[in-house]
Amino acid sequence: MITTFQNKRISTVITVLPTREIDFADEMQNYGYSELKMKKLKKIMGYDKRRAAMPGETVSEYAEYGIQNLFDNNIIAPEEVGGIIVTTTSPDYFMPPISNLIQGHFDLSKECVCFDISQACSGYSVGLCYAMMTLEHLSGKKVLLISGDMMTFKIGQRDRASRPIIGDAVTISVVENTDNASTIYCALKNKGQDAMSIVIPAGGTRMPITPETSVETQDDEGNWRSPEHFFMEGDLVFNFAINETPAMIEELLNASGKQVEDIDYFICHQPNPFMLKKMAEKIGVTQDRLPNDIVPKYGNSNSATIPVTLCEHYREMFDGKKQLTLCLASFGAGLSLGGLVMDMPELDYCQIINYPHRS
């Protein structure tokens, strides 16, 4: 699906990161790697630092902390919020939805539209499309798009494939109507035939949690996991992402009448630097136009990586510029793809803040 939106913009992006930082070297005893192998993986895959929430911390807590920051800094007023959309695979509860918890926490208007979307890596692209659709029916109001996950709680401690790169983060974007904005082009695609290639098997109604589902076993690659942990068929997902994402981007560019050279930056979901280097080659852009450094600094935070990248590189990207032409692209669980081509004026506010862990 490709669709367009008129007179919409992202006006604010804020990232809330756990203060707790974990170093890859500090967990080497969990993986059984030699020092030489550790150095090689650190260089190729970008294993280094990552941010991890403390046990018991939730997406709603991080979102409320970030939203309070926006209220305190007069970036948006509570009465301006007409919708709350949450994209996550880390719900606080099966019910109620996180969006309703946040609406209640701030005592926002009863007319505030609230809904959660179960999306992982493509969550930000999907969420932006839903935010813009919602704005078609909200005159004079703005939408808070909350994207983020607490995936570190779902990774086995001895999972050498996933644990070194997975981090936690929650982001809040303010999406609003505006006059005279250029057309935004949006694409959403899915390949549900391979949906089980990225999965957490236990925890839903198909496989409820039992004492047996917590038992870890070792696979042929030396990873220890239980059915309650995240699992990915790496080769299948890599091939899907590296082939289908450039094709989606080409389709978006054709629809928008733009060429690759017209895009200032390609802001992609960040699974690891290796994949993004290959992605840049496939698209035909230089590395400086497709940032790939988020995982070594903060980890792969699932639906949050695109807004985390925007916050991390905002000042250098907008240095001396009032507007950029961006292509946002995401890929992952589902299997799903999402992308947007848009002109982005300077943001009203763009920050990374740390969440103060409870003592």
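The values are calculated or read from the model by the stated rules, or taken from the named source; none is laboratory data. Just so you know, these numbers come straight off a predicted model, no measurement behind them. Note: ideal-geometry Cβ built from the backbone for every residue, glycine included; neighbour counts use all protein chains shown. Note: areas computed on protein heavy atoms with side chains; ligands, DNA, RNA excluded. Shrake-Rupley method; radii C 1.70, N 1.55, O 1.52, S 1.80 Å.
For this structure, a couple of remarks:
- Residue match in the stretch 57-65 (condition: open to solvent by 70 Å² or more (accessible area, probe 1.4 Å), touching a residue at least 60 places away in the same chain (Cβ under 8 Å) and closer than 18 Å to Leu101 by Cβ): yes
- Meets criteria (under 20 Å from Pro164 (Cβ atoms), among the polar types (S, T, N, Q) and in a helix (DSSP H, G or I)) for Thr245: no
- Subset of the stretch 172-213 (residues that are of a type in the set (Lys, Arg) and assigned to a loop (DSSP other than H, G, I, E, B)): Lys191, Arg206
- Filter result (more than 21 Å from Ile352 (Cβ to Cβ) and either part of a loop (DSSP other than H, G, I, E, B) or open to solvent by less than 30 Å² (accessible area, probe 1.4 Å) (or both)) within the stretch 284-311: Gly284, Val285, Thr286
- The set of residues in the stretch 312-340 that are crowded, with 24+ Cβ neighbours inside 10 Å and either without any contact (Cβ under 8 Å) to a residue 40 or more places away in the chain or not small (Gly, Ala, Ser) (or both) comprises Cys327, Leu328, Phe331, Leu337, Leu340.
- Any pair with Cβ under 7 angstrom, 6 or more apart, that starts in the stretch 97-113 at a residue that is in contact (Cβ under 8 Å) with a residue 24 or more places away in the chain and ends at one that is of a type in the set (Val, Ile, Thr) and in a loop (DSSP other than H, G, I, E, B): Ile98/Thr88
- Residues of the stretch 142-162 satisfying the condition of being assigned to a loop (DSSP other than H, G, I, E, B) and either touching a Leu at 6+ places or on another chain (Cβ under 8 Å) or without any contact (Cβ under 8 Å) to a residue 60 or more places away in the chain (or both): none
- Being hydroxyl-bearing (Ser, Thr, Tyr), buried (at least 23 other Cβ atoms within 10 Å of the Cβ) and either in contact with a Leu (Cβ under 8 Å, 6 or more places away or on another chain) or modelled with pLDDT of 95 or more (or both) is a property that Ser197 lacks.
- Residue, farthest from Asp48 (Cα to Cα), within the stretch 127-151, restricted to residues that are buried (at least 24 other Cβ atoms within 10 Å of the Cβ) and not hydrophobic (A, V, I, L, M, F, W, C): Gly127
- Test: residue in the stretch 90-102 that is part of a helix (DSSP H, G or I), among the hydroxyl-bearing types (Ser, Thr, Tyr) and buried (at least 16 other Cβ atoms within 10 Å of the Cβ): yes
- Pairs linking a residue in the stretch 297-311 that is on the phi < 0 side of the Ramachandran plot and among the basic types (Lys, Arg) to a residue that is in a helix (DSSP H, G or I) and open to solvent by 10 Å² or more (accessible area, probe 1.4 Å), with Cβ atoms under 8 Å and 6 or more positions apart or on different chains, are Lys297/Glu312.
- Scanning the stretch 253-283 for residues that are in contact with a helix residue (DSSP H, G or I) (Cβ under 6 Å, 6 or more places away or on another chain) and in a loop (DSSP other than H, G, I, E, B) yields a total of 3.
- Scanning the stretch 72-89 for residues that are in contact (Cβ under 8 Å) with a residue 12 or more places away in the chain and either touching a Phe, Trp or Tyr at 6+ places or on another chain (Cβ under 8 Å) or open to solvent by less than 30 Å² (accessible area, probe 1.4 Å) (or both) yields Asn73, Ile75, Ile76, Pro78, Val81, Gly82, Gly83, Ile84, Ile85, Val86, Thr87, Thr88.
- Residues in the stretch 13-56 that are part of a helix (DSSP H, G or I) and open to solvent by less than 30 Å² (accessible area, probe 1.4 Å): Phe24, Glu27, Tyr31, Met38, Leu41.
- Within the stretch 161-178, considering residues that are closer than 17 Å to Ser301 by Cα and not small (Gly, Ala, Ser), the one surrounded by the most Cβ atoms within 10 Å (Cβ to Cβ): Val170
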